[in-house]
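J.: Supplied in structure tokens, the structure appears directly below.
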Amino acid sequence: MARDPRAAALVLHRFGFGPRTGSIAAIAADPPAVLLAELDKPDAGQITKPDLPTSAAVNRAVFEYQAERNAKQKLARKEAEQLAMANPGKESATQAAAAEPPAKPEEVPLPRQLFLNEARTRIDAALNAEIGFVERLVWFWSNHFCVNQDKTVMAGGYEREAIRPHVLGRFSDMLLAAEGHPAMLFYLDNAQSIGPNSVAGVNRDKGLNENLAREILELHTLGVRTVYTQADVTNFAKVLTGWTILPTATNPDQGGEFVYLKRAHEPGPQTVVGKDYDDTGIEQGRAVLADLARHPMTAKHIATKLARHFIADDPPPPLVDRLTQSFLNTDGDLKELTKALIAAPEAWAPDQAKIKRPGEWIVAALRATGLSGDIGRIVGGMALLGEPLWRPPAPKGFSDDNAAWLDGLAQRLDAANTFAQRVGEKLDAEAVADTALGPLALAETRRAIASAESKPQALTFVLMAPEFQRR
Amino acid sequence: MPATLHPPTRRVLLLGSGVLFAWAAVPRVARAEGRDPRFLTIVLRGGLDGLAVVAPVGDPDWGKLRREKSLAAEGPTPALPLDGFFALNPAMPNLHRLYKADQATIVHAAATPYRERSHFDGQDVLESGLPKPGAADTGWLNRALAALEPGGRVAPRGRQAFAVGPITPLVVRGPAPVLSWVPPRLPPVSDDTTMRLLDLYRHTDPTFARILEERVGLAAIAKAGGMNSEPGDERPAVQGGGIAQVRTYFADAAGAAAKFLAEPQGPRVAALAFDGWDTHVDEGTVKGRLANLLGALDGAIAAIETSMGEAWRETVVVLVTEFGRTARLNGNDGTDHGTATVALLAGGALKGGRIIADWPGVKDADLYEKRDLKPTTDLRTVLKGLLADHLGADPRSLETAVFPDSSAAKPLQGLLA
């Protein structure tokens, strides 16, 4: 195959995180082959950093931190009150003590530090990849099975433990890993759902919470408006009772880990989406998930979402059909599904139909300029642009429609400008354009860069060029 | 596809001194009726529990339904009385004050035509105005604006829909141009850079050009109204974290929308969305999560009233959600997805101090599918009534372009003073 720098640049933007210095030339000999090769790398998509704590360890550490902080604040308040009682004239003593900050301002609180460590790891994986295709898949699947850091404190560990091992594996395995992960059980309230007729339910007068069951059917597998009813939601919620988390307060060594609690499991057989499941304890839930993973509606749902993310808001139906067939024929083999995607002619259309999501764009800007960025600024930038890391507004995750991100273009301009003011003096914007756009650069973009009034302004134009914003 | 605004010329942009955009300098045309209505829609995402906002404390079946976890007329934290039968959550003193001043109306047991329980489909029906989900990428508010007669009550310059927040809600997307505003958190880019980039987009990417043009127009209004907050504040533009942060975000976003609507040359119709109403666990109606959120919402209503200034008397704010929640509590003192709920209306233009409800009751047999408050008022009747009487929308367009297939849902009359 002849060298094709244009296809190389397109591959880097569409399937990866944008070019780094020399990327376009490096893969121009055979762009599709390099793309495929990324899937075959040993440990593709895995993070091998032994110093990162497990999600359960993070859960325990944050719990201990907050408990200690509460105790300290309580003690401080008590002392202040005693002081005020001893000196009744000085009313402000209580207020002054209460207003005192609990920690030194320059000290990063432990939960924030743990979050930043996970964020840095994730961003580095995207910065260091040749193309970044597998990392893009990680981001895609993490958003499909999203959890919220604010509620769970362990979104980073969840992604490493439940998502990454399966991005090129089987969908059924990822589904089981995600739904059984403490972060998900906590995020969608299943940890607290109790079978009304279970021992715990009868003794404590507690009952069902149908949140997780509904979102699995609606968002994670079959898709909304497909083949399930309210009765299926309720029955599936019963099946999932007992899937919970070891309480952190009383388990200093294993708190925050998954546990199946038979005492809370609703006894008896259940019917979910037309099939009867005997009460086999935890296996009852596993059996339902295994069947949902193989359902044709699930295949179509996943195929549509994958094509929407990479190809177009309204992906061509023949492409969705082919992906659906691949999913069904391979029993949800995600590596085969990914290969089917890049084998499709639609994946190579020259138009850059999609707008990069804010996180993708920020990483692409860092790759283009060869910088690694301050992690606080990176996650701050993602939040400002409407895509706060691991904090989706709802269980559906962040949107993959252009319309959702288009209105943020003006904010991106402010962000690009701020970034360029900081680093632009030291960079040659035309060289950055060669690196990042290469043969995609339009003549108008080249002219705008060449006639810019300052180096930061020229860099702003590279980062804001339609060829760079789109993929 | 959104229409194009008058593109600012290079010369206009270079004029500077606050007049960045041609139409910012256009003199205001007085309308024949002498009215200049403002209409703000707030979408409460996640499914607001209407029975936790306004409870039927006079209904003998109510006390049994949620026992001590519910709003009650008596007790340590009594609900605020409205009309002897219904009472308001005590976390909402501002709304109560407005109700007593005839500037707030409560619609109860209301629902969109949607009868399933998916948030995302429910929001789709709520915001699109269509009877079924997944059928549209435009919202009823935008289409209503686009369908207004020229020379009507809403000034030509008010023909842009306005949205606050980094992601524009569906309800306000559509053929009328949308201005979206996020309070600036970064040092703003220079006019020169903006103008050059706009020039590049005009030659390469019309969609991008349109977005940037709208931003330029908005910056002019903001400058005129002194609304550019100090840059450099790195607070995230989306809500999260503690209740104090949520309170601030609600009040800031709602107040910003009101300030733009109050401007003589500003937009007249706006929308924003607040998340967080999906209370599956420990709902905390009287004390706790939902009470805190309702308090923050009450603060947002107060911020709108304050920021509107004189324009408050020409204002209607409508607060709507995709569906209500189960009438009973679930196994975790929360509620799961349900059906009918409340819609809250506030504003000086209302004939308020009223509760609009055909009360279905909360006995087991009265509940929808034996679990949810039964819908007896089609939310579209309320919205159509407001659009017709407040904005002067044409009744025919309300049945076709704005709320298709809604002829059975007649516009509710007499909502306005």
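The values are calculated or read from the model by the stated rules, or taken from the named source; none is laboratory data. A quick note: this is a predicted structure, and the numbers were derived from the prediction, not measured. Neighbour counts run over all protein chains shown; Cβ positions are idealised from the backbone, glycine included.
J.: Would segment A:363-370 turn up any residue that is crowded, with 24+ Cβ neighbours inside 10 Å, within 26 Å of residue A:183 (Cβ to Cβ) and more than 9 Å from every other protein chain (Cβ to nearest Cβ)?
T.: Among the residues of segment A:363-370, at least one is crowded, with 24+ Cβ neighbours inside 10 Å, within 26 Å of residue A:183 (Cβ to Cβ) and more than 9 Å from every other protein chain (Cβ to nearest Cβ), which makes the answer yes.
J.: Same structure again: With the requirement that a residue be more than 29 Å from residue A:148 (Cα to Cα) and either of a type in the set (Ser, Thr, Tyr) or surrounded by 22 or more Cβ atoms within 10 Å (Cβ to Cβ) (or both), what does segment B:255-269 give you?
T.: B:258, B:259, B:260, B:261, B:266, B:267, B:268, B:269
J.: Can you find even one residue in segment B:171-188 that is at pLDDT 70 or above, more than 7 Å from every other protein chain (Cβ to nearest Cβ) and in a helix (DSSP H, G or I)?
T.: yes
J.: Exactly one condition in (1) part of a loop (DSSP other than H, G, I, E, B); (2) within 14 Å of chain B (Cβ to nearest Cβ); (3) in contact (Cβ under 8 Å) with a residue 40 or more places away in the chain; (4) within 26 Å of residue A:326 (Cα to Cα) is false for residue A:168; which is it?
T.: Single failed check for residue A:168: (2).
J.: Mind checking which residues of segment B:195-211 are in a helix (DSSP H, G or I) and either facing chain A (nearest Cβ under 9 Å) or basic (Lys, Arg) (or both)?
T.: Listed by number, the residues that qualify are B:196, B:197, B:199, B:200, B:201, B:202, B:203, B:204, B:207, B:208, B:210, B:211.
J.: What's the total number of residues in segment B:289-339 that are surrounded by 24 or more Cβ atoms within 10 Å (Cβ to Cβ) and without any contact (Cβ under 8 Å) to a residue 24 or more places away in the chain?
T.: 1
J.: While we're on this one: Looking only at segment A:171-196, count every residue that is at the interface with chain B (Cβ under 7 Å from one of its Cβ atoms) and free of Cβ contacts under 8 Å to residues at least 40 places away in the same chain and tell me the total.
T.: Number of matching residues: 1.
J.: If the requirement is being more than 10 Å from every other protein chain (Cβ to nearest Cβ) and within 19 Å of the chain's Cα centre (by Cα), which of these qualifies: A:396, A:339, A:356, A:426?
T.: Among A:396, A:339, A:356, A:426, only A:356 is more than 10 Å from every other protein chain (Cβ to nearest Cβ) and within 19 Å of the chain's Cα centre (by Cα).
J.: Since residue A:346 meets every condition but one in (1) in a helix (DSSP H, G or I); (2) within 14 Å of chain B (Cβ to nearest Cβ), which condition does it not meet?
T.: Condition not satisfied by residue A:346: (2).
J.: Let me ask something additional. Just wondering, is there one or more residues in segment A:266-277 that are in a helix (DSSP H, G or I) and more than 14 Å from chain B (Cβ to nearest Cβ)?
T.: Within segment A:266-277, none of the residues are in a helix (DSSP H, G or I) and more than 14 Å from chain B (Cβ to nearest Cβ).
J.: Considering only segment B:122-146, how many residues are assigned to a loop (DSSP other than H, G, I, E, B), out of contact with any strand residue (DSSP E or B) (no Cβ under 8 Å at 6 or more places or on another chain) and surrounded by 19 or more Cβ atoms within 10 Å (Cβ to Cβ)?
T.: 5
J.: Among the residues that make up segment B:102-111, is at least one of them in contact (Cβ under 8 Å) with a residue 60 or more places away in the chain, surrounded by fewer than 23 Cβ atoms within 10 Å (Cβ to Cβ) and out of contact with any Lys or Arg (no Cβ under 7 Å at 6 or more places or on another chain)?
T.: No, every residue in segment B:102-111 fails to be in contact (Cβ under 8 Å) with a residue 60 or more places away in the chain, surrounded by fewer than 23 Cβ atoms within 10 Å (Cβ to Cβ) and out of contact with any Lys or Arg (no Cβ under 7 Å at 6 or more places or on another chain).
J.: What helices (runs of 4 or more DSSP H) lie completely within segment B:1-103 and have 1 or more residues being modelled with pLDDT under 85?
T.: In segment B:1-103, B:10-15 are the helices (runs of 4 or more DSSP H) which contain 1 or more residues that are modelled with pLDDT under 85.
J.: Run down A:61, A:29, A:33 and say which single residue is touching a helix residue (DSSP H, G or I) at 6+ places or on another chain (Cβ under 8 Å) and of a type in the set (A, V, I, L, M, F, W, C).
T.: Checking each option against the conditions leaves just A:61.
J.: Sticking with this one: Restricting attention to helices (runs of 4 or more DSSP H) lying wholly within segment A:415-471, give those where 1 or more residues are among the hydroxyl-bearing types (Ser, Thr, Tyr).
T.: A:429-436, A:443-450, A:455-464
J.: So which of A:199, A:224 ends up being within 10 Å of chain B (Cβ to nearest Cβ), among the β-branched types (Val, Ile, Thr) and either surrounded by 24 or more Cβ atoms within 10 Å (Cβ to Cβ) or touching a helix residue (DSSP H, G or I) at 6+ places or on another chain (Cβ under 7 Å) (or both)?
T.: None of the other options fit; the residue is A:224.
J.: Also: Looking at A:121, A:94, which one is modelled with pLDDT of 90 or more and surrounded by 11 or more Cβ atoms within 10 Å (Cβ to Cβ)?
T.: Testing whether each residue is modelled with pLDDT of 90 or more and surrounded by 11 or more Cβ atoms within 10 Å (Cβ to Cβ) leaves just A:121.
J.: Could you check residue A:419 against (1) surrounded by fewer than 19 Cβ atoms within 10 Å (Cβ to Cβ); (2) hydrophobic (A, V, I, L, M, F, W, C); (3) more than 8 Å from chain B (Cβ to nearest Cβ) and say which number it fails?
T.: In the conditions (1) surrounded by fewer than 19 Cβ atoms within 10 Å (Cβ to Cβ); (2) hydrophobic (A, V, I, L, M, F, W, C); (3) more than 8 Å from chain B (Cβ to nearest Cβ), residue A:419 misses (1) alone.
J.: Ok, one more. What number of residues within segment A:429-455 are crowded, with 17+ Cβ neighbours inside 10 Å, within 11 Å of chain B (Cβ to nearest Cβ) and of a type in the set (S, T, N, Q)?
T.: 1
J.: Please name all residue pairs, on different chains or six or more residues apart, with Cβ atoms under 9 Å, provided the first residue is in segment A:232-253 and is on the phi > 0 side of the Ramachandran plot and surrounded by 23 or more Cβ atoms within 10 Å (Cβ to Cβ) and the second residue is at pLDDT 95 or above and of a type in the set (D, E, K, R).
T.: A:242/A:262; A:242/A:263; A:242/A:266
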